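Here's the structure, in structure tokens; my notes come after.
Every read-out reported here was derived from the displayed coordinates using simple, explicitly stated rules and does not represent laboratory data. Note that the structure is predicted; figures quoted are calculated from it, not measured. Note: ideal-geometry Cβ built from the backbone for every residue, glycine included; neighbour counts use all protein chains shown.
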Amino acid sequence: MPRWILHVDLDQFIAAVEILRRPELAGRPVVVGGTGAPGERAVVATASYEARAHGVGSGTPMYLARRKLPDAVFLPSDKQAYQVASDEVMDVLRATGEPVEVIGWDEAFVGTDSDPHVLADRVRHDVAEHTHLSCAVGIGDNTLRAKTATGFGKPGGVFELTARNWFATMGERTPEALPGIGRKTARKLAELELTTVTALAQARPGDVAERLGPRMGPYYVSLGRGMGRTELETGRYVPRSRSRETTFPQNVDDHERLRAEVTTLAHRVAADVAEEDRDVARVGVKVRLAPFLTRTRSAAITAPGRDGDEIAAVARTVLEAMAPDRPVRLLGVRAEFAERPGT
């Protein structure tokens, strides 16, 4: 169990990879996830800091990004290139000889018993030297505080957040400042008059459970208190799910067409699952209704498996249970893996 945990988070990762391939784009607003063509209905995967300064970020509808930044550079996503760049960064982190837990393309935890600031400086230097990418490093006494600290270090800096300065730094901020609490959850907490991190930390878990559920209520209180893991999972990074989605050129309100599309997506997901050689435990469906309301729902597979027809059948059942009451602009299918590969 390391004394310190560092959270390494690459700055504007996907955009940075694209800029490395096209150095002439440096300093320009870059939007990744689509071409920005008129009528395109995709959403932004990521944007450079220059684009974010104009209100364009991950999840922004592409048409809105084009409206805000007509002169931006719009690029389609290249997942293979991002995976290669990510692997290079993770190799650099492992070369430190410290335990590494990869938690995504662009972020990882690193544990250490040595001086964390010395290691943070080494990580930033080595990542820049070997990959030409920039990263911020959060230093903490657990995973939550380390990850939260990174936000204060971006871009390219270092910040330390521990039990000693947790409430001095976070106490007056809204719960939405905590990793894992989004806008909707923050609104529910506000209904309980829990509008700051300190108030959330001081709340009784049972009271919050009554509003947000017996599992999530106490969990959110633990976030307010700055509680997190102190051990790292250093095995090979294993994705928790695979998903496919499509954005329709025009909104769709034909139920049979939606059933056919969700079936097609499910079989594409099944093909991805086959490459992973893993079993699926749950199937989720995402529906984005016009103009931009997103709903998700999932259901378990009776016996975990990887059969495309079974995945498609569950996806259709979930779609029917959702009963979209407006035209649909986006449809997605997600396969959630069983906890252990091969089970």
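How much mean residue ellipticity at 222 nm does the chain get from its helices, if each DSSP H run of length 4 or more adds -39500 (n - 2.57) and you divide by all residues, to the nearest 500 deg cm²/dmol? Can you show the working numbers first?
Values: 13 runs with 137 residues, N = 343.
My calculation for the chain gives -12000 deg cm²/dmol from helical runs alone.
Largest GNM mean-square fluctuation among ASP279, ASP309, ASP126, using the chain with Cα springs under 10 Å: ASP309. Measuring nothing but how far apart in sequence close Cα pairs (under 8 Å, 6+ apart) lie, relative to its length, the range 1-83 scores a relative contact order of 30 percent.
All Cα-Cα distances of the range 1-164, cut into 10 Å bins from zero to the largest, leave 11, 37, 30, 17, 4, 0 percent in each bin in turn.
Take every Cα pair under 8 Å in the range 172-224 that's 6+ residues apart, average their separations, divide by the length, and report that relative contact order as a whole percent. The partial results should precede the final answer.
Details: 60 pairs, mean separation 17.7, N = 53.
Relative contact order of the range 172-224: 33 percent.
Extension gain for THR234 to ARG326 (0.36 nm times residue separation, less C-alpha to C-alpha distance): 28.6 nm.
The slack between GLU172 and LEU64, meaning 0.36 nm per residue of separation minus the straight C-alpha distance, is 35.6 nm. Residues THR150, THR96, THR131, THR294, arranged from fewest to most other Cβ atoms within 10 angstrom of their Cβ, appear as THR294, THR96, THR131, THR150.
Rg to Rh for the range 241-337: what is it, with Cα atoms only and Rh by Kirkwood?
Details: Rg = 12.5 Å, Rh = 13.0 Å.
Reported Rg/Rh (Cα atoms, Kirkwood Rh): 0.96.
Label positions at ASP71 and MET90, each projected 7 Å from the Cα along the C-beta direction, are separated by 4.0 nm.
In whole angstrom, note down how far apart the Cα centers of the range 310-328 and the range 124-201 are. After rounding, the separation between the Cα centres reads 36 Å. Selection among GLN12, ASN142, ALA203 by position relative to the dipole of the chain gives ALA203 as farthest towards the positive end (Cβ unit charges, Cα centre).
For the range 215-250, the list of trypsin sites (Lys or Arg not before Pro) that fall in a loop by DSSP and count at most 12 other C-beta atoms within 10 angstrom reads ARG215, ARG236, ARG240. Cβ-Cβ distance of ALA300 and ARG215, R₀ of 22 Å, FRET efficiency by 1/(1 + (r/R0)^6): the value works out to about 0.85. Fully extending the segment from GLN83 to ASN165, taken as 0.36 nm per residue of separation minus the present Cα-Cα distance, adds 26.0 nm. Modelled spin-label separation between ALA338 and HIS255, with each label point placed 7 Å from Cα along the Cα-to-Cβ direction: 3.4 nm. Of the residues TYR49, TYR220, the one with the fewest other Cβ atoms within 10 Å heads the list, and the complete ranking is TYR49, TYR220. Relative contact order, whole percent, for the chain stands at 15, derived from Cα pairs under 8 Å and 6 or more residues apart. Counting neighbouring beta carbons within 10 Å and listing from fewest to most, the residues LYS68, LYS147, LYS79 come out as LYS79, LYS68, LYS147.
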